[in-house]
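*Asks:* Below is a structure I'd like to ask you about.
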Amino acid sequence: MSDYDTFDGRFGSLVIGSAAVERLWTGGRWTEGPVYVPAAKAVVWSDIPEDRIMRYDETNGAVSVFEYPCGYHNGHTLDACGRIVACEHGGRRVSRLGFDGRWETVVDRFDGKRLNSPNDVVVKSDGSIWFSDPSYGIDSDYEGHAAKSEIGACNVYRHDPRSGETTAVVTSLDRPNGLAFSPDERTLFVSNTSSSNPPAIHAFRVAESGCSVDAERMLVTSDAGVFDGFRLDQAGNLWTSCGDGVRAYAADGTLLGRINIPETVSNLCFGGRKRNRLYITATSSLYAVYVNARPAVGLHSLR
Ligand code: MG
């Protein structure tokens, strides 16, 4: 099986045909939440059911446990200071790894009620933290601690660290999951991993204020499993996890191509010295492949 399937001619300029998919590590149970930490030359990711965070050292290929137990971490990203921001199923909070090495709470409540189990997170250029809060971490003891939802809904929230205010920005999806902004931050993309609706990625227009969304459209649906986590490149192409690998979509939703991965993919991030290496978490393993694209925003973009 080839590592690549091309559905649109543009895909050829986004991948490097001679670059093979590598499996860097295996032995996890359900890997998720990769983030590239430039200052550490490392990738950090979650192994949710094992309640641990793993670390791949890019300088020598070594993989080690970064933290165990960790509170059933899921998604990770970096803030503008380079600190890791995490979604915790166990702690039912969004947390941040402070400069002193301790995890501190960013937000754990909405409207006085405990969050369900934050799943994935992105930091906007204004410093606000946007995260999804489905119930996977409280549905059973497998990926967290079984509990009843206090909020009774699964939303996407915006948290403003300056004011401490948290608002529900997307309330129309029953299982919001991965999320990311377009390079100009005028569109927020959110995947829905509902079992009762078609797996899809929805595009929300960000309001003029930059603090909410005011229009929604379905961008793409999946015919092979769900879309979980995803990232955008500088050109606005969307690189997403899917049941059959990593799919690349143009900004208008055209399927460009697929990177074939032999396990169900949960999430991915750009990393490496030139940020042109995709790190992919897929069920039990961490994969990597060099591509001809770079990430859209944040510390990863080298802008
Ligand atoms: Mg997810």
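The values are calculated or read from the model by the stated rules, or taken from the named source; none is laboratory data. Just so we're clear, the structure is a prediction, and the values are computed from it rather than from any experiment. Cβ: placed from backbone, ideal geometry, glycine included. Neighbour counts: every protein chain shown.
*Asks:* For residues that are of a type in the set (Ser, Thr, Tyr) and outside any strand (DSSP E or B), tally how many sit in the stretch 1-31.
*Replies:* Of the residues in that region, 3 qualify.
*Asks:* In addition: Among (1) touching a residue at least 24 places away in the same chain (Cβ under 8 Å); (2) farther than 26 Å from residue 155 by Cα, which single condition is residue 244 missing?
*Replies:* Unmet condition: (1).
*Asks:* Pairs only if they're at least six apart or on different chains, beta carbon under 8 angstrom, first in the stretch 117-131 and closer than 15 Å to residue 169 by Cα and at pLDDT 95 or above, second more than 11 Å from the ligand (Cβ to nearest atom) and hydroxyl-bearing (Ser, Thr, Tyr); list them, first residue then second.
*Replies:* Matching pairs, first to second residue: 121/77; 122/77; 123/77; 130/157; 131/157.
*Asks:* Of everything in the stretch 97-129, what is out of contact with any Phe, Trp or Tyr (no Cβ under 7 Å at 6 or more places or on another chain) and part of a strand (DSSP E or B)? Give them in sequence order.
*Replies:* 103, 104, 105, 106, 107, 109, 113, 114, 123, 129
*Asks:* Out of all the residues in the stretch 122-146, which are buried (at least 19 other Cβ atoms within 10 Å of the Cβ) and closer than 18 Å to residue 52 by Cα?
*Replies:* Scanning the stretch 122-146 gives 136, 137, 138, 143, 144.
*Asks:* Mind listing whichever residues of the stretch 96-116 are in contact (Cβ under 8 Å) with a residue 24 or more places away in the chain and either surrounded by fewer than 17 Cβ atoms within 10 Å (Cβ to Cβ) or more than 22 Å from residue 210 (Cα to Cα) (or both)?
*Replies:* Matches in the stretch 96-116: 103, 109, 111, 113, 114, 115, 116.
*Asks:* Right, something else. Among the residues of the stretch 115-156, what is the count of those that are touching a helix residue (DSSP H, G or I) at 6+ places or on another chain (Cβ under 9 Å) and more than 21 Å from residue 228 (Cβ to Cβ)?
*Replies:* Counting residues in the stretch 115-156 that are touching a helix residue (DSSP H, G or I) at 6+ places or on another chain (Cβ under 9 Å) and more than 21 Å from residue 228 (Cβ to Cβ) gives 4.
*Asks:* Please work out which one of (1) surrounded by 14 or more Cβ atoms within 10 Å (Cβ to Cβ); (2) of a type outside the set (Lys, Arg); (3) within 16 Å of the ligand (Cβ to nearest atom) is the condition residue 151 fails and give its number.
*Replies:* Here residue 151 clears every test but (3).
*Asks:* Continuing with this model, one more query. The conditions are (1) within 27 Å of residue 273 (Cβ to Cβ); (2) touching a helix residue (DSSP H, G or I) at 6+ places or on another chain (Cβ under 7 Å), and residue 72 fails exactly one of them. Which is it?
*Replies:* If we test residue 72 against (1) within 27 Å of residue 273 (Cβ to Cβ); (2) touching a helix residue (DSSP H, G or I) at 6+ places or on another chain (Cβ under 7 Å), just (1) comes out false.
*Asks:* Tell me whether the stretch 244-263 contains one or more residues that are closer than 23 Å to residue 79 by Cα, within 16 Å of the ligand (Cβ to nearest atom) and either in a strand (DSSP E or B) or not aliphatic (A, V, I, L, M) (or both).
*Replies:* The answer is no; no qualifying residue exists.
*Asks:* What are the pairs, 6+ residues apart or on separate chains, where a residue within the stretch 266-291 that is farther than 22 Å from residue 181 by Cα has its Cβ under 9 Å from a residue that is modelled with pLDDT under 95 and within 16 Å of the ligand (Cβ to nearest atom)?
*Replies:* Pairs found: none.
*Asks:* Ok, one more. Restricting the search to the stretch 6-51, which residues are among the aromatic types (Phe, Trp, Tyr) and within 16 Å of the ligand (Cβ to nearest atom)?
*Replies:* Residues satisfying the conditions are 30, 45.
*Asks:* Looking at 98, 91, 75, 61, can you tell me which residue is closer than 20 Å to residue 139 by Cα and over 17 Å from the mean Cα position of the chain (by Cα)?
*Replies:* Testing whether each residue is closer than 20 Å to residue 139 by Cα and over 17 Å from the mean Cα position of the chain (by Cα) leaves just 91.
*Asks:* Then there is this: Identify the residue in the stretch 169-215 that is away from the ligand (no atom under 15 Å from the Cβ) and aromatic (Phe, Trp, Tyr) and, among all such residues, is farthest from residue 235 (Cα to Cα).
*Replies:* Taking the candidates together, the pick is 204.
*Asks:* Quick one: is residue 138 within 16 Å of the ligand (Cβ to nearest atom) and either in contact (Cβ under 8 Å) with a residue 24 or more places away in the chain or within 30 Å of residue 236 (Cα to Cα) (or both)?
*Replies:* yes
*Asks:* When you go through 191, 212, 182, 196 one by one, which is the residue that is in contact with a strand residue (DSSP E or B) (Cβ under 8 Å, 6 or more places away or on another chain), within 20 Å of residue 228 (Cα to Cα) and surrounded by fewer than 20 Cβ atoms within 10 Å (Cβ to Cβ)?
*Replies:* Answer to the selection: 182.
*Asks:* Return the pairs, sorted by first residue and then second, in which the second residue is within 16 Å of the ligand (Cβ to nearest atom) and in a loop (DSSP other than H, G, I, E, B), the first residue lies in the stretch 218-235 and is more than 18 Å from residue 281 (Cβ to Cβ), the beta carbons are less than 7 Å apart, and the residues are 6+ apart or on different chains.
*Replies:* 221/199
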